[in-house]
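K.L.:
Just dropping this structure here.
The values are calculated or read from the model by the stated rules, or taken from the named source; none is laboratory data. What you are looking at is a predicted structure, and each value in this text was computed from that prediction instead of being measured. Please note: Cβ atoms are built from the backbone with ideal geometry, for glycine as well, and neighbour counts cover all protein chains shown. Areas reflect the complete protein model, heavy atoms only, side chains present, ligands, DNA and RNA absent. Shrake-Rupley method; radii C 1.70, N 1.55, O 1.52, S 1.80 Å.
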Protein chains: 2
Amino acid sequence: MRTEDARAFAAALLAKNGVPAAEAAIVVDALLEADMKGLGSHGLMRLPVYIKRVKAGLLKAAAELRVVRDEAATAVLDANFSLGQVAGERGMAIAIEKAAGYGIGACLVVNSGHFGMASRYGLQAAKKNMVGLVFANTTPLMPPTGGSAKMLGNNPLAIVAPTKTDPIVVDMALSAVAMGKIMVAKNKGEKIPLDWATDKTGVPTDDPAKAIDGGLLLPMAGPKGYSLAVALEILTGVLAGSFAWQIPSLYNMDKKQSIAHFFVVIDVARFVDLEAYLENVEALRAGLKASGKQPGVQEIFMPGEIELNKGKAALASGEITLPAAVVKEMNELAAAAGIPPLE
Amino acid sequence: MRTEDARAFAAALLAKNGVPAAEAAIVVDALLEADMKGLGSHGLMRLPVYIKRVKAGLLKAAAELRVVRDEAATAVLDANFSLGQVAGERGMAIAIEKAAGYGIGACLVVNSGHFGMASRYGLQAAKKNMVGLVFANTTPLMPPTGGSAKMLGNNPLAIVAPTKTDPIVVDMALSAVAMGKIMVAKNKGEKIPLDWATDKTGVPTDDPAKAIDGGLLLPMAGPKGYSLAVALEILTGVLAGSFAWQIPSLYNMDKKQSIAHFFVVIDVARFVDLEAYLENVEALRAGLKASGKQPGVQEIFMPGEIELNKGKAALASGEITLPAAVVKEMNELAAAAGIPPLE
């Protein structure tokens, strides 16, 4: 389908559910950006649940954002259960403003929602020739090392650096893999490595079916990923007073989510002349891209390059492919809202 | 041997080689802290090469540190090839001072040396009730994903958070494992996982002997570790204008190392009342420690807890065990300097 048709449809659907046009545009752009980059799990597949949460009173239709602490280079933004993408964009804008003033800035966003692809906020900073660091906590999915209970989120971590051309985009969740990859293994009838997931009793398993049946994701890189997840939980949940293990699933329709984001922005020009930085970062890219390849490897990719290329191709084509189940679910909500379905 | 005997001996050895007493005390304390915590690769085993580099004119005996940029919440410290531990401590002190003033602060240290255990600098911040983030680049050890050439360091990353009692200490290198672990596998006659290392041609290998014979370490967690290593290289080597692949080995006696450190300090009290933070972080610890365990697991450990416990035990005993080869090498330098050997 045409991307702009999906955009107009999704924006209308949010508008019919009370989301102001400017805020709907942010949310839809964020979701479409993920779909275009091949990251469907952060894409329009999330729109139906956002709308259901708005209808259930678990998310504010119109954002109510309030800066509750504003000091020198730092601020705290209370998102008051507004849509995560709107709160995230505002929080990062505040951190950028602080960094413009002081060289480095930070904004903690509390009581926020699911904000999608973390690197989107880092890209906001990169557009200003600053490095953006994005941390968030999530609903619990992982145990600590040696543990059998869901205690920590697979906390997203993004670091985005500006360049003259394509930014360098580091964006990851701290689990070894996403559950989607385990589902793929199951569908292929393959075993999974023992460090990907546990069964529902918390014991590491190589059987993807057991992992999917109430199992836990394991942290990437074992104790290193666990440690990083704790560090991010401290910079989000501990500062905000809302731990991962208190955050209900996005699909739990009884409770509000109180997610925290932590944005740090670094103005590179305070450390080195901007032109020198831009030259150096291109030299880093050129060096890595030109470096020796393993047999069978055609190209060395920079972090995020594959997704940026997919995004460019999708933009050039003007077309997007959405899973039929996602379209169906959105069309059911469209029928309820009295707007024409997406074909 | 008595830890204090090792301390006095090592300090005397540095002093005889021209290192001022206060600076020698910092270096020796850093090395002993690592040995006491069971992290011998950051311990006194590095003292001989530091002294050899001082003798060869590759490291300054007396630190020549100069703040070359000092703006609002940021600074750049030129370490001018001083000992890394002295430069690191000063750089972190500057970042702490900036954070005290502005809520968040950063210091880039350029032209620095091997600084040992990254978490030591984070602990400086935690003592002030601030979170300390420590990034550095290193001599190249790892290829990019799909690559066969040493292009990136296994860049150390530490995040240390204050608590009322033991700090929470995240500290890792970004390689899947250290070469030492591969040596252990070789000695046991075991194969290694294919995602630990390559042979000398850059092809992933499960043979530890091939990895040790000129092979490359692979990033932890595959493309995620590669991406993080690039992000850290941007915050260190790109800002400093000295990439990992330009940094010679610590054991190369022909060239100076120009390592960069990047310190970020976050004053938690700007985001939440300090008492609330301290309560929350204890609640996080208590929750994780009390959470369900996998069969056979006795205890859930916080990040860094095992090393902190070893350090306390070593402190209580007053004794330390150093490898015979390390003592022998130090004693050869002691003989040359005309000081009594360490027994």
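K.L.:
To the nearest 0.05, what FRET efficiency results for residue A:282 and residue A:335 with a Förster distance of 56 Å applied to their C-beta separation?
P.N.:
Using R0 = 56 Å, I get an efficiency of 0.65.
K.L.:
A further question on this structure: For residue A:69, which sequence-distant residues (separation of 5 or more, or a different chain) have an amide H within less than 5 Å of its own amide H, given hydrogens modelled in the peptide plane?
P.N.:
Close amide H contacts, sequence-distant or interchain: A:76.
K.L.:
Report the dimensions of region A:84-126 along its three principal axes from the alpha-carbon atoms, largest first, rounded to Å.
P.N.:
Principal-axis extents of region A:84-126 (Cα, largest first): 29, 21, 11 Å.
K.L.:
Which Cα, out of B:193, B:57, A:169, lies furthest along the positive dipole direction of the protein assembly as shown (beta carbon charges, K/R +1, D/E -1)?
P.N.:
After comparing all options, I get B:193.
K.L.:
Note the per residue figure in Å³ for the convex hull of the C-alpha positions in region A:275-343.
P.N.:
173 Å³
K.L.:
A further question follows. Whole number in Å², please: accessible area per residue of region A:186-343, 1.4 Å probe, ligands, DNA and RNA not counted.
P.N.:
45 Å²
K.L.:
Any idea what % of Cα-Cα pairs in region B:32-114 are farther than 23 Å?
P.N.:
For region B:32-114, the share of Cα pairs beyond 23 Å comes to 33 percent.
K.L.:
Treating only the Cβ of Lys, Arg, Asp and Glu as charged (+1, +1, -1, -1), what charge dipole size does region A:182-271 show about its Cα centre? Round to the nearest 20 debye.
P.N.:
Roughly 120 debye for region A:182-271.
K.L.:
I would also like to ask the following. For chains B and A, what's the summed buried accessible area, probe 1.4 Å, to the nearest 100 square angstrom?
P.N.:
The B and A chains share an interface burying roughly 6200 Å².
K.L.:
Let me ask you something else. Let me check something: with ligands and nucleic acids excluded, how do A:201, B:321, B:236 order by accessible area (1.4 Å probe), largest to smallest?
P.N.:
B:321, A:201, B:236
K.L.:
Limiting things to C-alpha atoms, what are the Rg and the maximum Cα-Cα separation (Dmax) for region B:1-68, in angstroms?
P.N.:
Computed over the Cα atoms of region B:1-68, radius of gyration and Dmax are 12.2, 43 Å.
K.L.:
Still on this structure: So how far apart, in nm, are the two label points at residue A:290 and residue A:251 if each is 7 Å from Cα heading toward Cβ?
P.N.:
Roughly 4.9 nm, to one decimal.
K.L.:
For chain B, what relative contact order do you get, as a whole percent, if you take Cα pairs closer than 8 Å and at least 6 residues apart?
P.N.:
20 percent
K.L.:
What size of dipole, in debye to the nearest 20, comes out for the protein assembly as shown about its Cα centre when the only charges are +1 on Lys and Arg C-beta atoms and -1 on Asp and Glu C-beta atoms?
P.N.:
420 debye
K.L.:
Okay, moving on. With all protein chains present, calculate the accessible area of residue B:115 using a 1.4 Å probe and round the result to the nearest 10 Å².
P.N.:
The accessible area comes out at roughly 10 Å².
K.L.:
Between residue A:206 and residue A:321, what length in nm is gained on full extension when 0.36 nm per residue of separation is reduced by their alpha carbon distance?
P.N.:
38.2 nm
K.L.:
Using a 1.4 angstrom probe on heavy atoms only, work out the carbon and sulfur share of the accessible area of region B:181-336 in %.
P.N.:
The value for region B:181-336 is 56 percent carbon and sulfur by accessible area.
K.L.:
Now for a different question. How long, wide and thick is chain B, going by the Cα atoms along their three principal axes, in whole angstroms, largest first?
P.N.:
55, 47, 45
K.L.:
Can you tell me which of B:164, B:127, B:188 moves the most in a GNM of chain B? Springs connect C-alpha atoms under 10 Å apart.
P.N.:
B:188
K.L.:
Taking each residue of B:69-78 in turn, how many C-beta atoms of other protein chains fall within 10 Å of its C-beta, and what is the average?
P.N.:
The per-residue average across the peptide is 5.
K.L.:
Of the candidates B:323, B:48, B:156, which one comes out as most mobile in a Gaussian network treatment of chain B with C-alpha springs shorter than 10 Å?
P.N.:
Looking only at B:323, B:48, B:156, the largest GNM fluctuation is found for B:323.
K.L.:
Putting +1 on Lys and Arg Cβ atoms and -1 on Asp and Glu Cβ atoms, find which of A:84, A:67, A:45 reaches farthest to the positive end of the dipole of region A:1-96.
P.N.:
The listed residue farthest towards the positive side: A:45.
K.L.:
Efficiency by 1/(1 + (r/R0)^6): what FRET value for residue B:306 and residue A:67, r their Cβ-Cβ distance, R0 = 56 Å, to the nearest 0.05?
P.N.:
Here the calculated transfer efficiency is 0.85.
K.L.:
For region A:187-343, rounded, prolate or oblate, judged on the Cα gyration tensor with a ≥ b ≥ c (square roots of eigenvalues), a/c < 1.5 rounded, else prolate if a/b > b/c?
P.N.:
Rounded is the answer for region A:187-343, as its axis ratio a/c remains below 1.5.
K.L.:
For region B:119-164 and region B:320-343, compute the distance between their C-alpha centroids and round to whole Å.
P.N.:
30 Å
K.L.:
What average count of beta carbons from other chains do you get within 10 Å of the Cβ of residues in A:108-116?
P.N.:
The per-residue average across the peptide is 1.
K.L.:
Calculate log10 I(q)/I(0) of the protein assembly as shown for q = 0.05, 0.06, 0.10 Å⁻¹, where I(q) comes from the Debye formula with a single equal point scatterer on each Cα and nothing for solvent.
P.N.:
-0.23, -0.34, -0.96
K.L.:
Continuing with this model, one more query. Considering chain B as a Gaussian network with a 10 Å cut-off on Cα pairs, which listed residue, B:276, B:118, B:30, attains the greatest mean-square fluctuation?
P.N.:
B:276
K.L.:
Okay, moving on. May I ask you to list, by number, the DSSP H helices of chain B whose Cα span along the axis is at least 24 Å and whose average Kyte-Doolittle hydropathy reaches 1.0 or more?
P.N.:
Membrane-span-like by this rule: not one helix.
K.L.:
Let me know the mean shielding of B:281-293 by other chains, meaning the per-residue number of their Cβ atoms within 10 Å of its Cβ.
P.N.:
Other-chain Cβ atoms within 10 Å of each residue's Cβ, averaged: 6.
K.L.:
Here's a follow-up. Dividing the alpha-carbon Rg of region A:104-235 by 2.2 N^0.38 Å yields what?
P.N.:
Dividing the Cα radius of gyration by 2.2 N^0.38 Å gives 1.16.
K.L.:
Given 4 °C and 1.567 mPa s, compute D for region A:1-144 with the Stokes-Einstein relation, Rh being the Kirkwood radius over Cα pairs; round to the nearest whole µm²/s.
P.N.:
Translational diffusion coefficient: 82 µm²/s.
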